[in-house]
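Enquirer: Mind looking over this structure? Questions follow.
Please treat every number below as a calculation from the coordinates, not as lab data. This is a predicted model, so every value here is computed, not measured. FYI the Cβ positions are ideal-geometry reconstructions off the backbone, even for glycines, and counts take in every protein chain you see.
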Amino acid sequence: MLTLFSTPKPFRGHNDIIQRNALKSWKLLHPDAEVILFGNEEGAEEVCRELGLLYQPDVERSPLGTVRADSLFSRAQEIARHELLCYSNCDIVLTQDFLRTLERLLAWRDTFLMVGRRWDTDIAEPIDFSAPDWEKEMVERAKSEGIQRFYHNIDYFAFPRGFYKKMPALVVGRKWWDHWMVWKALDLGHSVVDASKVVCAVHQNHDYSHVPEGWKSVSSDEDAERNLRLSGGRRHLRTIEDATFRLTPTGIVPNRFAWLAPRKRWWRDISRAVRGALRTHIWHPFLDATRPVRRAMGLKKNTVRGAMRSGERRHWMDQ
């Protein structure tokens, strides 16, 4: 029914735990679910043998050694056993709500791209998949302890075989490649569906020690800059917010305000810059000046900050 594919980090330490969690959850989606793992990273072959995954060690890479998305998607569409495919980052736990959502979309139309916002959640231990209610507990944990990231974080793409026929030499694990994927689907005239309201994709939090300079490498190294250049620049970048349809518990509805997404992004960029300036020139000096008074009153910086916030939990990068 479904072929999932990905490329992992080395199976060491915490990454070993969370990647095994993710891969096992994919295998449990359906008795006939196929999982393909690309790349010869440390431990990959052993994990594929243990979990019954299809191991594909050979994959094209950038000059820095980063796996190329075009190589992944081309090869996956070529060898997949099923007509419906899904690329997911190798740290995403999926549950039956993901499969049920795909079934709804297949009954709706043949061709679509399904994406959705992830839930960042701290998970440090192997999931007990033998527990009958592990899925329920996982979703509840994500929604009570985790944070649903914003529209620019895209960790899975579900689509039919042949959807992506030609791609530039973008690399995974760096900025911009995922935004090009959404733009390309829209450019081809296909429906892009935001499943965020019905799919709880659990992203298991991790550090970025697998790349030389951590998050800085992911966002601005040579591979990230090449991604932006090969994608055609920011005019060829879209996010989940640009989806033409949204899935709700009651149905599939048009996203009538998708055309506003670029303007919203522009406004958020301006707002972020203004808030940064206010923090630097007003808020931080205010905290410094009032520190003796706040200490005398038993108030801390976090207490003051918390009193000024309301609404849903936000990741610090999504402010």
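Enquirer: Could you tell me which residue out of V115, L287, I240 lies farthest along the dipole of the chain toward its positive end? Charges go on the beta carbon: Lys and Arg +1, Asp and Glu -1, centred on the Cα centre.
Expert: L287
Enquirer: What ranking of M114, M1 emerges when the number of other C-beta atoms within 10 Å of each C-beta is taken as an exposure proxy, fewest first? Numbers along the way, then the final one.
Expert: Numbers: M114 24, M1 16.
Going from least to most buried by this count: M1, M114.
Enquirer: Any idea what angle helix 69-79 forms with the longest principal axis of the chain, computed on alpha-carbon atoms, 0 to 90 degrees, nearest 10?
Expert: Taking Cα atoms only, the helix is inclined about 30 degrees.
Enquirer: Write down the Kirkwood hydrodynamic radius of the chain, to one decimal in angstroms, obtained as one divided by the mean of 1/r over all alpha carbon pairs. List each step's numbers first, then the result.
Expert: Working: mean 1/r = 0.0475 Å⁻¹.
The Cα-based Kirkwood calculation yields 21.0 Å.
Enquirer: Would you mind checking the range 85-100 for residues with the amide N under 13 Å from a putative spin-label position 7 Å along Cα→C-beta of L28?
Expert: 93-97
Enquirer: Any idea how far apart W134 and T111 come out in nm if each label point goes 7 Å out from Cα toward Cβ?
Expert: The answer from the label model is 3.8 nm.
Enquirer: Dipole size in debye (nearest 20) for the chain around its Cα centre, Lys and Arg Cβ +1, Asp and Glu Cβ -1? Intermediate results must be reported in sequence, preceding the final value.
Expert: Working: 50 positive and 42 negative charges, 408 e Å.
Magnitude of the dipole: close to 1960 debye.
Enquirer: With label points built 7 Å along Cα→Cβ from the Cα atoms of T280 and E222, find their separation and express it in nm.
Expert: 3.0 nm
Enquirer: Rounded to the nearest 5, what % of DSSP beta bridges with both residues in the chain are antiparallel?
Expert: Details: 16 of 35 bridges.
Just about 45 percent of them are antiparallel.
Enquirer: A follow-up question, please. Just to verify a number: FRET efficiency for E78 and E125, C-beta to C-beta distance, R0 = 51 Å, to 0.05?
Expert: Values: r = 37 Å, r/R0 = 0.72.
So the FRET efficiency works out to roughly 0.90.
Enquirer: In whole Hz and in residue order, list the ³J(HN,Hα) couplings for the range 167-184 that follow from phi through the Karplus curve 6.51 cos²θ - 1.76 cosθ + 1.60, θ = phi - 60°; x for Gly and Pro.
Expert: Values per residue, Gly and Pro as x: 10, x, 7, 6, 10, 7, x, 10, 5, 5, 4, 5, 6, 5, 4, 5, 4, 4 Hz.
Enquirer: Amide H of T248 versus every other amide H placed in the peptide plane: which residues, excluding those fewer than 5 positions away on the same chain, fall under 5 Å?
Expert: When sequence neighbours closer than 5 places are left aside, the close amide H contacts are V253.
Enquirer: So if R0 is 41 Å, what FRET efficiency would L287 and A169 give, r being the distance between their Cβ atoms, rounded to the nearest 0.05? Walk me through the intermediate numbers first.
Expert: Details: r = 47 Å, r/R0 = 1.14.
The pair L287/A169 has a calculated efficiency of 0.30.
Enquirer: Tell me the label-point distance for the pair S144, W266, using the 7 Å Cα-to-Cβ offset, in nm and rounded to one decimal.
Expert: Label-label distance for S144 and W266, simple model: 4.4 nm.
Enquirer: Using only helices, what value at 222 nm comes out for the chain when you add -39,500 (n - 2.57) per DSSP H run of length 4 or more and divide by the total residues, to the nearest 500 deg cm²/dmol? Working shown, then result.
Expert: On the way: 11 runs with 124 residues, N = 319.
So the helix-based figure for the chain works out to -12000 deg cm²/dmol.
Enquirer: While we're here: If I stretch the segment between R49 and R295 completely, what's the gain in nm (0.36 nm per residue apart, minus their alpha carbon distance), one decimal?
Expert: 82.7 nm
Enquirer: Restricting the count to DSSP beta bridges whose residues both fall in the range 1-101, what percent are antiparallel, rounded to a multiple of 5?
Expert: Details: 1 of 11 bridges.
About 10 percent, rounded to the nearest 5.
Enquirer: Let me ask something else. Going down the list K27/K264; K24/K175; K136/K166; K24/K264; K27/K175; K27/K166, which pairs span over 32 Å between their C-alpha atoms? Show your work: numbers first, answer last.
Expert: Numbers: K27/K264 38 Å; K24/K175 27 Å; K136/K166 39 Å; K24/K264 38 Å; K27/K175 28 Å; K27/K166 28 Å.
Cα-Cα > 32 Å for K27/K264; K136/K166; K24/K264; rest within.
Enquirer: If one computes the Cα centroid of the range 23-98 and of the range 120-167, what distance in Å separates the two points?
Expert: 15 Å
Enquirer: Given R₀ = 35 Å, what would the calculated FRET efficiency be for E42 paired with Q96, taking r from the Cβ atoms and rounding to 0.05?
Expert: Details: r = 31 Å, r/R0 = 0.90.
Given R0 = 35 Å and the Cβ-Cβ separation, E is 0.65.
Enquirer: Hey, another quick one. Using Cα pairs closer than 8 Å and at least 6 residues apart in sequence, work out the relative contact order for the chain, in percent. Don't skip to the answer; put the middle values down first.
Expert: Details: 511 pairs, mean separation 58.7, N = 319.
In percent, rounded to a whole number, it is 18.
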